[in-house]
1. Kindly indicate which of A:V17, A:V41 is without any contact (Cβ under 8 Å) to a residue 60 or more places away in the chain, more than 23 Å from B:V16 (Cα to Cα), among the aliphatic types (A, V, I, L, M) and assigned to a helix (DSSP H, G or I).
2. Which condition breaks for B:C51 when tested against (1) more than 14 Å from chain A (Cβ to nearest Cβ); (2) within 30 Å of A:G101 (Cα to Cα)?
3. Can you name the residue in segment A:194-211 that is of a type outside the set (K, R) and within 27 Å of A:H254 (Cβ to Cβ) and, of all such residues, is farthest from the other protein chains (Cβ to nearest Cβ)?
4. Could you tell me which of the residues B:E81, B:E4, B:E53, B:E10 is without any contact (Cβ under 8 Å) to a residue 60 or more places away in the chain, charged (D, E, K, R), touching a Cys at 6+ places or on another chain (Cβ under 7 Å) and within 28 Å of A:N205 (Cα to Cα)?
5. How many residues does segment B:1-34 contain that are away from chain A (no Cβ under 14 Å) and touching a helix residue (DSSP H, G or I) at 6+ places or on another chain (Cβ under 9 Å)?
6. Where the second residue is in a loop (DSSP other than H, G, I, E, B) and the first is among the charged types (D, E, K, R) and lies in segment A:266-288, which pairs have Cβ atoms under 7 Å and are six or more apart or on separate chains?
7. Given the structure, is A:V304 closer than 19 Å to A:E142 by Cβ and touching a residue at least 60 places away in the same chain (Cβ under 8 Å)?
8. Which ranges mark the strands (runs of 3 or more DSSP E) fully within segment A:273-346 that have 1 or more residues being closer than 25 Å to A:L168 by Cα and either assigned by TED's automatic domain parsing to the domain that holds A:G135 or charged (D, E, K, R) (or both)?
Amino acid sequence: MAKIAQKVIALSGDEAVAYAVKQCDVDVVAAYPITPQTIIVERFSEYVANGEVDTAFICVESEHSALTCCLTAAATGARAFTATASAGLALMHEVLGVTSGCRAPVVMAIVNRALSAPINIHCDHSDSMAERDMGWIHIYAENSQEAYDSIIQAFRIAEHPDVLLPTLVGLDGFVLSHTLENVNVLPDDAVKGFVGERKFPLVRNHEGKMIPFKLDPENPLTIGPLDLYDYYFEHKRQQEEAMKKAYEVIRQVHEEYAELSGRRYGNGLVEPYRLEDAEIAVVCIGSTAGTVKTVVDELRGKGVKAGLLRIRVFRPLPVQDIIQWLSDKKAVGVMDRACSFGGNGGPLFHEIRHALYDLPNRPPVTNYIYGLGGRDTSPHLIHKVYQDLQRIAETGRVEQLVSFIGLRE
Amino acid sequence: MSPEYKGWKEIPIAGVCWLPSTEYKTGDWRTYKPVWDSEKCIRCMLCHIYCPEGAIKYNPETDAMEFDYDFCKGCGICANECPKEAIEMILEEKE
């Protein structure tokens, strides 16, 4: 149960994100509008115009500049936020690596949308999956409520002195971004108190002084300069270590937030649904999990031992949780809303199978690529996935490793 | 890698410089080394002015141009600018 009373307001996913950012005492927002993220920026610019926030809102000429503004603001110790989607995220690609390399804890909402060409404005995960290896923490929301909750948590995670990694929160384009939902919102002061002030670890500067890790003319510091074969590798290894430390920080922040709000998403990393005694399991990311849960309930009603593992945090990959929840299943079906062309399956499939590889008796794992470009993902389609998994569980044989579902032949 | 280099657990994050740039010896980038000829040199100081690294100095006590090989990258600008061809760039043998 929540400790404090909360307001219920009707918000779209984009509005829920903007509302959360409003409450997080953000110093700098720099963004460029792109469908289906536009409403986040529109709403936030209204908050600025109305004087509801004390935030520098920077209108930039591109997403590349938007993230550069946020990265540099964060390097000075500011709290910075941006939001984008699809082509906008692709244009930011270079700066994603600079942001994580500079250990700038920027928070960014990604309203997941297909990549061109052909041009398409609807949901799939190809945009953020293409940024998998850029050193950002990835959190994916199932609904607008979780998008709101995750943004608030993201600042705490990203800015944690043991982590200091930029964090993106993904929400499905249109399915969440443009759909009204009842969202419970915390009081402003509760969020402000939860997020708190940024804390800075001490680092040794070139004058040999231990100073807070931020750009400050009084305490000069150089961040992210030239690094050749002598030290680049060591700095990359530090980023990997920060990802390892992020597991515990994500769990703790999620738990603390759950105590405040009364809302919990599994252990913060993965959310199992009727999975404990399940024999067949689907693994997916994002809003599709809502549909899968409905199908699981239907199947359970018929006595089929079906379950779901929703991956909430994709980076760092919750390997231990994946092993814990899936190792005893008879068949596992991974649903990917992105395709790694020529890679023999989607990105989530690769990683789930990789996590289970070392088990002595690993379950068969198959891949279902679905919903590209916003193709509707109906309960009927998910029923077919579970039917396929039932057949695999019974026979122990996988006839097709990677299937494209909801596709016309 | 040389033992004087630090490990990832010892260095600050994000490429933060923990030593001044004077500690970063760029001399080992050099392929050609400038060698000065006292006889040909007229002490015009053009090499001192043109050196992008500030690695050439005039020592009034010895009346000699001194090259700081810890920082000279071997770019050859000094030799190119010298009006008396008093600086020769020679291939440096390395161990």
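1. Step by step, each of A:V17, A:V41 is checked, and only A:V41 is without any contact (Cβ under 8 Å) to a residue 60 or more places away in the chain, more than 23 Å from B:V16 (Cα to Cα), among the aliphatic types (A, V, I, L, M) and assigned to a helix (DSSP H, G or I).
2. (2)
3. So the residue we want is A:F194.
4. B:E53
5. 2
6. A:E271/A:Y265; A:E271/A:R312; A:D277/A:K305; A:E279/A:K305; A:E279/A:K329; A:E279/A:K330
7. Taking the combined requirement at face value, the residue does not satisfy it.
8. Where strands (runs of 3 or more DSSP E) fall fully within segment A:273-346 and carry at least 1 residues being closer than 25 Å to A:L168 by Cα and either assigned by TED's automatic domain parsing to the domain that holds A:G135 or charged (D, E, K, R) (or both), they are A:306-311, A:313-315, A:331-336.
The values are calculated or read from the model by the stated rules, or taken from the named source; none is laboratory data. Remember, it's a predicted structure, so these values are computed and weren't measured experimentally. Neighbour counts run over all protein chains shown; Cβ positions are idealised from the backbone, glycine included.
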